[in-house]
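First comes the structure, then the notes that go with it.
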Amino acid sequence: MRKPNGVWDALAEMGGHLMTLWMGQDGFDYSFQMDYAQAWDHTLAALAEVADHTPDIDIALEYKPNEPRAFALMPDAATTLLAIKDVGRRNMGVTLDFVHVLYADERPAFAAALVARHSRILGVHLNDGYGKWDNGLMVGAVHPIQTIELLVELERAGYDGAIYFDTLPDHSGLDPVEEARTNIAVVQKLRAIAACLVNDTALQTAIARQDAPMAMPLVQGVMLA
């Protein structure tokens, strides 16, 4: 690792190995406001510069369809993977934020499978929401089955990184410590369920057949046991 030499290198100086970029301001609000090709080129050049600065630190892109800008340059899994392909740096990958994925009208497990196939899953933010905006609700509060499916996919992809709770207790005046404790307890239970399902041959048969009436009782049976 090159010797840290300023604020830019604070992560390296502290011994960190992962930088997550959420480019909330990189987007546009109006038609005829942006030269799209130039903006894309500038973004790729900036990402390459960041990735090249300290090559042994991983750079994760956390996508989100909009907010605060009306349209983001990295709105979904496919566009983010295209950018990573264009940049062409080995130390780049994706951070999946569960509610951002829902907000992008994507299935979290499908997004994870695409990222694992074409790049690397470098981070996971668990939370929940209604898919209309970045709610940041507690894990499993709205989409427990989809959360379990994501955890199964992460296990299959060999993800062994940190799981971060990107939730917003302040929106409802919740006690953040108790909210965090609830998230931890719920994720432990959901991960135990996922562990039971990841190698379930009956479930794999149902999935291979695309047989939802066969798959759902198997999943729900473990969830509700």
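Every number here is computed from the coordinates shown, using simple stated rules; none is lab data. Predicted model only: the values in this text are computed from it and were never measured. Positions of Cβ are backbone-derived with ideal geometry, glycine not excepted, and every protein chain shown enters the neighbour counts.
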From the P(r) of the chain, can you give the percent of Cα pairs sitting at distances over 33 Å? 22
Quick P(r) readout (region 177-223; Cα-Cα; 10 Å bins; whole %) gives 26, 40, 22, 11, 1
Quote the FRET efficiency, to the nearest 0.05, computed for Asp86 versus Asp35 with a Förster distance R0 of 22 Å and r equal to the Cβ-Cβ distance. 0.85
Under 5 Å between amide hydrogens, which residues at least 5 positions from Phe71 or on another chain qualify, with H placed 1.01 Å from N in the peptide plane? Phe28
Would you pull out the residues with amide H under 5 Å of Met92's amide H, same chain only if 5 or more places away, H placed 1.01 Å from N? Ile59
So what is the relative contact order for region 109-210, in percent, with contacts set as C-alpha pairs under 8 Å and at least six apart? 30
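Sorted by mean Cβ packing within 10 Å, highest first, what order do the peptides 210-223, 97-110 take?
Going by the mean number of other Cβ atoms within 10 Å, highest first, we get 97-110, 210-223.
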Rounded to the nearest 500, the 222 nm mean residue ellipticity computed for the chain from DSSP H runs (n ≥ 4, each -39500 (n - 2.57)) alone is -14500 deg cm²/dmol
How much net charge surrounds Glu155 when only the other residues with a Cβ under 13 Å from the Cβ of Glu155 are counted, with Lys and Arg +1 and Asp and Glu -1? -2
Among 122-131, 153-162, the order from most to least packed when residues are scored by Cβ within 10 Å on average: 122-131, 153-162
Might you report the magnitude of the Cβ-based charge dipole of region 103-224 about its Cα centre, with Lys and Arg at +1 and Asp and Glu at -1, to the nearest 20 debye? 400
Counting only complete DSSP H runs, which helices of the chain cover 24 Å or more along their long axis at the Cα atoms and score a mean Kyte-Doolittle of 0.0 or above? 176-197
For the pair His42/Met14, report the inter-label distance in nm, with labels modelled 7 Å from Cα in the Cβ direction. 2.9
For region 80-137, what D do you get in µm² per second when you plug the Kirkwood radius from alpha-carbon pairs into Stokes-Einstein at 4 °C and 1.567 mPa s? 109
Under a point spin-label approximation (7 Å from Cα along Cα-to-Cβ), what is the Phe71-Val177 distance to one decimal in nm? 4.7
